[in-house]
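The values are calculated or read from the model by the stated rules, or taken from the named source; none is laboratory data. These numbers come from a predicted model, not from an experiment. In this analysis, Cβ positions are derived from the backbone assuming ideal geometry, glycine residues included, and neighbour counts consider all displayed protein chains. All accessible areas refer to the heavy atoms of the entire protein, side chains included, with ligands and DNA or RNA removed. Shrake-Rupley method; radii C 1.70, N 1.55, O 1.52, S 1.80 Å.
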Amino acid sequence: VEEGLGNACLIQFPDDSCGFVDWGTQKTEPLERAIELIGRSRIRFIAASHAHSDHTLGIAQLLRECHRRKLRIEKFVYPASTLNKQTADLTAARIAAHECNIGMYAVGEDSFTAPPGLRRPPWLAFDEKLSWEIRILSPSILHVADAEVDSLLRQKVAGNETSFVFVFRFIGASAERGMGRFLLPGDSTPATLRYAQKTAEKFSELALDNQLFLVPHHGSKYNCPTWIDQYIHGAVIFSTPTDSRHHPSAKILKRLSKMKSNQCETIFCTSYAHTCYQSFGSKAPLQDNAIVQPGPCFGDIRMIVPQRLPAYRAASSHNGSLRRPYGHCSNAPKDG
Ligand SMILES: [Zn+2]
Ligand SMILES: [Zn+2]
């Protein structure tokens with residue numbers, strides 16, 4: 001999105017309903033594109049994985065614009081987070097939700113309403129015929145409460161330690177190689193990812209194995225622990241800022257690219273960053289230096305996660321060809 005940093009995910013479910021995870025831009029072009037993509041689909045939720053701007057900037061406009069066009073949003077969801085500056089993007093989004101009469105839910109993995117043995121991670125959405133579901137694995141409300149007080153004392157917006165980890169799965173599909181599953185961990189820290197792992201261990205249907213993995217915190221070397229590799233099978237997506245040496249870090253990029261042959265089929269990078277070239281040098285020939293510059297939203301990639309087959313890229317928008325000048329993602333099509 002506009003700073004090349006955030007990742008706006010529109011999830012289109014098998015029954016043609018949809019949901020949003022994160023946003024991150026105030027530009028009208030991606031907003032129009034998203035509205036075009038959803039058509040008259042039922043919008044089950046808009047979720048902010050956490051309060052940082054690259055995940056929440058412009059959510060207020062998204063909410064207001066949907067409302068103006070009479071597209072009903074069933075709920076707006078964010079981590080159990082209430083202590084925020086009035087100027088924060090998440091607060092602006094909550095004010096918009098309030099004014100547009102959209103239900104708001106501050107949630108965490110745990111709920112105090114059920115006895116511990118019966119406690120289950122909350123459903124963000126599920127199909128009425130129970131053919132699929134999307135759940136929240138992390139963080140816990142207690143964890144977020146701590147992080148919030150800490151951030152308030154430091155006069156900062158609560159950070160990555162409050163980031164949601166979402167898992168989607170087709171109910172009934174075998175979890176082998178993560179078929180029919182994807183994992184969206186926002187900017188999760190190793191601690192919140194570990195908590196998600198614990199949740200997944202408690203409820204076997206919520207295995208972390210996946211066919212589509214959005215690399216936490218844009219590939220920062222501090223937020224993607226090596227143990228997570230065992231769960232990654234299909235496609236991996238980095239969403240990264242322009243010209244950053246840290247997102248994705250060369251270390252993470254190299255590590256995940258090594259998995260490519262046997263485990264992870266494809267790496268996609270939504271970046272204009274130099275990192276790929278820095279990581280792979282001459283193996284990643286520089287095609288056009290002029291492309292490496294801050295630019296507008298570079299469009300969208302459409303990934304499909306089928307029920308029993310590996311995830312794949314179905315399409316990317318017209319300017320997708322500008323997205324990958326270096327092409328270490330060399331087994332991807334040219335415009336990938
Ligand atoms: Zn963040
Ligand atoms: Zn981020």
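For the range 31-72, the set of residues classified as crowded, with 21+ Cβ neighbours inside 10 Å, within 16 Å of ligand 2 (Cβ to nearest atom) and in a helix (DSSP H, G or I) consists of ASP54, HIS55, THR56, ILE59, listed by residue number. One residue stands out among those in the range 50-79 that are of a type in the set (S, T, N, Q) and within 16 Å of ligand 1 (Cβ to nearest atom): the one that is nearest to the chain's Cα centre (by Cα), which is THR56. The residues of the range 5-30 that are small (Gly, Ala, Ser), touching a strand residue (DSSP E or B) at 6+ places or on another chain (Cβ under 9 Å) and in a loop (DSSP other than H, G, I, E, B), listed by number, are ALA8, SER17.
Close Cβ contacts (under 7 Å, 6 or more residues apart or on different chains) running from residues in the range 24-46 that are at pLDDT below 95 to residues that are of a type in the set (A, V, I, L, M, F, W, C) and part of a helix (DSSP H, G or I) comprise LEU31/LEU62.
So that you can scan it fast, the table gives a plain yes or no per residue for (1) open to solvent by 10 Å² or more (accessible area, probe 1.4 Å); (2) over 27 Å from TRP23 (Cβ atoms); (3) more than 18 Å from the chain's Cα centre (by Cα):
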site	(1), (2), (3)
SER163	no, no, no
ARG177	yes, yes, yes
SER188	no, no, no
THR199	no, no, yes
SER204	yes, yes, yes
LEU212	yes, no, no
VAL236	no, no, no
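Scan the range 84-106 and give yes if some residue there is surrounded by fewer than 21 Cβ atoms within 10 Å (Cβ to Cβ), aromatic (Phe, Trp, Tyr), more than 16 Å from ligand 1 (Cβ to nearest atom) and within 22 Å of the chain's Cα centre (by Cα), otherwise no. Yes: one or more hits. Among the residues examined, TRP132 qualifies as aromatic (Phe, Trp, Tyr), in contact with a strand residue (DSSP E or B) (Cβ under 9 Å, 6 or more places away or on another chain) and open to solvent by less than 80 Å² (accessible area, probe 1.4 Å). Within the range 185-212, being out of contact with any Leu (no Cβ under 8 Å at 6 or more places or on another chain) and more than 16 Å from ligand 2 (Cβ to nearest atom) holds for ALA191, ARG194, LYS198, GLU201, LYS202, PHE203, SER204, GLU205, ALA207, ASP209, GLN211. Before we move on, is VAL144 crowded, with 20+ Cβ neighbours inside 10 Å, touching a Gly at 6+ places or on another chain (Cβ under 6 Å) and modelled with pLDDT under 95? When the stated conditions are applied, VAL144 passes them.
So that you can scan it fast, the table gives a plain yes or no per residue for (1) within 12 Å of ligand 1 (Cβ to nearest atom); (2) touching a strand residue (DSSP E or B) at 6+ places or on another chain (Cβ under 8 Å); (3) modelled with pLDDT of 95 or more; (4) under 16 Å from ILE237 (Cβ atoms):
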position: GLU148; (1), (2), (3), (4): no, no, no, no
position: LYS156; (1), (2), (3), (4): yes, no, no, no
position: GLU161; (1), (2), (3), (4): yes, no, no, no
position: VAL165; (1), (2), (3), (4): no, yes, yes, yes
position: SER174; (1), (2), (3), (4): no, no, no, no
position: ARG177; (1), (2), (3), (4): no, yes, no, no
position: THR189; (1), (2), (3), (4): yes, no, yes, no
